[in-house]
Every structure is written in C-alpha cells, then in structure tokens.
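Read through the structure below, which is laid out as structure tokens, and then see the notes.
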Amino acid sequence: MKRINAEWDSPLFRDVQIQFEDTAKKISLDENVFHRLRVPDRTLIVTVPFRMDDGSVRVVPGYRVQHNDALGPCKGGIRYHEDVNLGEVAALAMLMTWKTALVGLPLGGAKGGVAIDPRPLTRQETQRLTRRYTAEILNFIGPETDIPAPDMGTSEQVMAWMMDTYSQLKGHSVPGVVTGKPVSLGGSLGRHDAPGRGVVYTIRDATDRLGWKLDDKVTVAIQGFGQVGGAAFKDIELLGCKVVAVSDVTGGLHNPKGLSYEKLKTFSDAHQGIKGYPDAEAITNEELLTLPCDILIPAATGGVITKENAPKLKCRMIAEGANGPTTSQGDKILNERGDVFVIPDVLANAGGVTVSYFEWVQDLQNFFWSETEINEKLRAIMSRAFHDVYTEAQTRKISMRTAALTLAIRKISAAMLVRGLFP
Ligand code: NAD
C-alpha cells in the first residue's frame with residue numbers, strides 16, 4: 001500500500017497502523033473511512049523554550065496530535081519523556097480514538113508530549129516548561145475541542161499549571177480544559193487511581209470468565225510503579241493476590257513471597273525509585289517480563305513485549321496497563337501460542353479516560369459526584385466493555401485485541417459515514 005505523510009513514521013506508529021489495517025480488512029471497512037483513519041487528522045509541532053533555575057534557556061520539541069474527532073472532542077494525555085517524538089504521539093493518539101469509542105464515550109482521540117526527561121527538573125523548571133508548552137498549544141486545545149490529561153512523566157500538578165495558564169490567557173477560569181487535575185481545582189474523586197483500578201476490574205472480569213480464583217496463589221508481575229502500575233499493585237494486593245515482581249525506570253525487584261505496596265511506596269518516595277529496596281532480589285526490566293507468574297501487567301512504556309521475548313513469557317494472562325506495550329510481531333506470536341489471555345490496552349487501561357470523561361462532565365455542569373458514584377459508574381462501563389469484547393472474540397474466534405478494535409472502529413466508521421464529507 002502507498003504510504004503518505006511519513007513524518008510520524010516510527011516503530012510504534014507502524015505497529016498501531018498495522019493493527020488498524022488488519023482489523024479494517026477483516027471488517028471490510030469503507031475505503032474512504034479507512035484512508036482517513038490510518039493517519040491523524042491534525043498534528044502540531046511546537047518549540048518550547050523555558051528558563052532553567054541557573055538562568056540558562058533550554059529549548060525542547062513539543063507535540064499535540066488529534067487523530068479523530070468523529071464522536072466528539074479529542075481526548076488524550078500529555079507525556080514528558082526523553083523519547084517522545086511525533087510518531088509515538090501520533091500512535092498513542094490513534095489508540096485513544098479506539099479506546100474512547102470502545103468504552104462508549106462521546107470523545108475522539110488525541111495525545112501530546114514534550115521530549116524531555118522531567119526527573120532532573122526542579123519544580124519551578126517543570127512549571128515554566130509546562131506553562132510555555134501550554135501557551136504554544138493554546139489554540140489547539142479547549143474544553144470543546146481537545147482536552148489533555150496526565151500521562152507518563154506528568155501529574156495532577158502539571159495539569160493544574162496547564163489549567164491555570166490556559167485560564168490566564170483566556171481571561172477566565174476554564175477547569176474543563178484538562179482532566180486529571182487536583183480535586184481542589186475541579187478534579188474528579190477517583191481519577192488518580194482510575195487507570196490502575198480499571199486494569200484490575202478487567203482482570204476480575206477475565207478471571208471470572210476463565211474460572212480462576214483470585215487469591216494468594218495467584219502471582220502478579222508489574223512493570224512500572226507510577227500512577228497506573230502503583231494503583232494496579234494496590235488493588236490487586238487488596239484482592240489477596242501476590243505481587244512477586246515490580247519495576248520502574250531504575251530497575252526491577254523480585255520476591256517470590258510477595259512484595260508490599262505500602263512498604264515499597266514509602267521506600268520509592270524516599271529514594272526516588274525502587275532500586276535498592278532491601279526485601280527483594282534485584283532484577284532487570286527485561287527479566288521481569290519473562291518471570292514465571294500468572295498475571296503480567298506492563299504499566300510503563302510501549303513496545304516492551306516483542307518478537308524476541310514473546311516466546312519466552314511464562315505468564316497466563318497479560319493485562320496491558322501501558323499504551324502499546326506489545327509490538328505487532330510480539331502480538332502475532334502470542335496469538336499463535338494461544339496460551340496467554342491478553343486484555344488489550346484499549347480495554348484494560350480505559351479506566352483513566354473514563355474517569356477523565358466524568359471529570360470533564362462534572363466541570364462543565366459544575367456539579368460533583370461522590371467517589372462511590374464514580375467507582376460504580378466506572379465499574380459498570382468497564383464491565384460492559386469487557387463483556388462486549390469477550391463476546392465478540394468468542395463468537396468470531398478472534399483475539400481480544402482484534403475484537404476490541406473491531407467494535408471501536410465500527411462505531412467510529414458509523415459516525416463518520418453519517419456525518420459525511422465536508423464540504
Ligand atoms: P508514570 O510516569 O506515573 O509512571 C511510569 C512508570 O514507568 C514509572 O514507575 C517509571 O519509573 C516507569 N518507567 C518509565 N520508563 C521506563 C522504562 N524505560 N522501563 C521501565 N520502567 C519505566 O506514568 P503512568 O501514568 O503510570 O503511565 C504508564 C503507562 O500507562 C503509559 O504507557 C501510559 O501511556 C499508560 N496510561 C496512563 C494513563 C494515565 O491516566 N496516567 C491512562 C492510561 C494509560
């Protein structure tokens with residue numbers, strides 16, 4: 001097939017494009033819809049200069065990509081990571097389009113990012129970076145057009161600065177411009193833990209269908225100890241399962257007797273990472289992926305399950321907390337193996353965008369819900385989505401990922417066809 005506009009070409013973009021193309025073929029997608037969905041609607045590249053505390057100026061590239069808005073305003077996180085590039089952001093924006101459609105939200109897909117390692121920055125440097133990046137993308141975002149949220153390397157505080165910068169420049173307070181804000185600023189109760197909590201909801205639904213009991217005989221390995229990995233750890237531990245391995249960017253830990261979330265969090269906060277935690281053996285991130293365990297939760301970066309390690313995985317289930325953790329070649333091998341039940345990213349980690357949607361709705365109506373209401377609504381949406389995907393996969397004898405993409409792409413296609421082509 002002839003390739004167009006290769007500016008966003010990257011391994012991750014090709015992977016999600018291949019997933020889309022394969023699914024589109026299987027469902028005989030309308031040809032015009034196909035050509036529009038395989039590339040993003042709009043991409044913005046900005047240059048972000050900001051002052052360091054020593055007075056020098058750093059200049060870094062920033063991005064915002066809107067993949068598709070057929071179902072409603074675009075929605076997707078902002079990532080601060082040194083590897084961020086247009087291709088990665090475009091790939092993640094496409095995944096957001098599938099995710100919002102799959103869980104039935106009236107939203108499209110977007111993603112943004114800045115190519116910087118945020119860890120060495122001071123609080124003031126991060127604030128100046130965030131405010132300048134927000135100013136650069138100001139005309140691209142808005143509560144009715146494109147609503148950012150946190151992703152890797154960003155936080156509630158970063159969202160507060162984005163909201164404040166946008167509001168100052170517009171001349172009035174606009175809480176609905178970003179989600180994942182602090183609760184004191186119009187954030188939603190339950191938003192912080194929602195992506196990790198949603199991962200565990202889908203694990204509960206999957207184990208129910210497969211007839212597994214979730215108790216202390218079930219072992220779990222989690223890559224990533226941030227917002228998603230941390231919350232998934234907490235919730236799966238509460239169900240009585242044993243988390244035997246965890247990792248972050250500083251390295252991994254293994255303890256076959258089980259690790260404690262509370263102890264590890266206290267250590268990690270004190271030492272800026274989990275490296276050196278005394279009550280476990282040190283392992284690498286790669287070793288964590290191939291450890292014997294029942295459930296593997298990749299919850300850090302993308303492209304970690306590959307054609308090289310997919311044949312060596314010893315888990316029985318993968319719940320994809322991260323976005324795009326499995327390459328298309330890795331996925332092919334898992335499908336051929338057939339002995340690993342995969343809950344794909346667009347389903348497993350959709351709890352984040354779902355509660356972001358709740359936050360946006362609460363901000364627009366200036367009426368806030370209790371955490372119990374949020375969690376009940378989230379549980380209902382995740383369970384319905386799981387049921388739909390599982391039923392589609394069983395009925396048509398296809399993988400859970402293809403089933404999820406099939407359902408999402410059909411909904412978007414229906415909206416695009418009925419809206420028609422402008423002008
Ligand atoms: P975070 O910044 O809070 O945490 C990321 C974790 O991954 C940290 O523990 C970090 O040390 C670790 N990490 C970073 N690079 C790594 C590497 N190369 N190897 C191993 N570990 C590494 O980010 P997060 O919000 O938890 O996001 C994690 C993943 O979940 C991302 O793929 C993100 O796109 C996805 N996600 C996030 C949300 C959300 O709302 N935050 C929602 C859905 C999906």
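Go through V84, V177 for me and flag whichever is away from the ligand (no atom under 16 Å from the Cβ), aliphatic (A, V, I, L, M), surrounded by 19 or more Cβ atoms within 10 Å (Cβ to Cβ) and at negative phi.
V177
Can you tell me which residue among T134, T154, T130, T126 is closer than 18 Å to G113 by Cβ, buried (at least 20 other Cβ atoms within 10 Å of the Cβ) and in contact (Cβ under 8 Å) with a residue 60 or more places away in the chain?
Testing whether each residue is closer than 18 Å to G113 by Cβ, buried (at least 20 other Cβ atoms within 10 Å of the Cβ) and in contact (Cβ under 8 Å) with a residue 60 or more places away in the chain leaves just T154.
Has the stretch 270-277 got at least one residue that is modelled with pLDDT of 95 or more, part of a helix (DSSP H, G or I) and open to solvent by less than 20 Å² (accessible area, probe 1.4 Å)?
No - not one qualifying residue is present in the stretch 270-277.
Output the residues belonging to the stretch 218-266 that are over 24 Å from V355 (Cβ atoms), open to solvent by less than 50 Å² (accessible area, probe 1.4 Å) and more than 13 Å from the ligand (Cβ to nearest atom).
Listed by number, the residues that qualify are V218, T219, G240, V244, H254, N255, G258, L259, S260.
E320 - would you say it is within 10 Å of the ligand (Cβ to nearest atom) and open to solvent by 30 Å² or more (accessible area, probe 1.4 Å)?
So E320 does not fit the description; no.
Would you point out which residue out of V183, V174 is over 21 Å from T301 (Cβ atoms) and touching a helix residue (DSSP H, G or I) at 6+ places or on another chain (Cβ under 7 Å)?
The conditions single out V174.
Could you give me the residue pairs with C-beta distances under 8 Å whose first residue belongs to the stretch 260-280 and is among the acidic types (D, E), whose second residue is in a helix (DSSP H, G or I) and at pLDDT 95 or above wherever it lies, and which are 6+ apart or on separate chains?
D279/K263
Might you check whether a residue that is closer than 30 Å to G176 by Cα, crowded, with 21+ Cβ neighbours inside 10 Å and near the ligand (Cβ under 8 Å from one of its atoms) occurs anywhere in the stretch 336-345?
yes
The values are calculated or read from the model by the stated rules, or taken from the named source; none is laboratory data. Here the structure is a predicted model, which is why all the values come from computation and not from measurement. Cβ coordinates were reconstructed from backbone atoms using ideal geometry, including for glycine residues, and neighbour counts include every protein chain displayed. Only protein heavy atoms, including side chains, enter the accessible area calculation; ligands, DNA and RNA are left aside. Shrake-Rupley method; radii C 1.70, N 1.55, O 1.52, S 1.80 Å.
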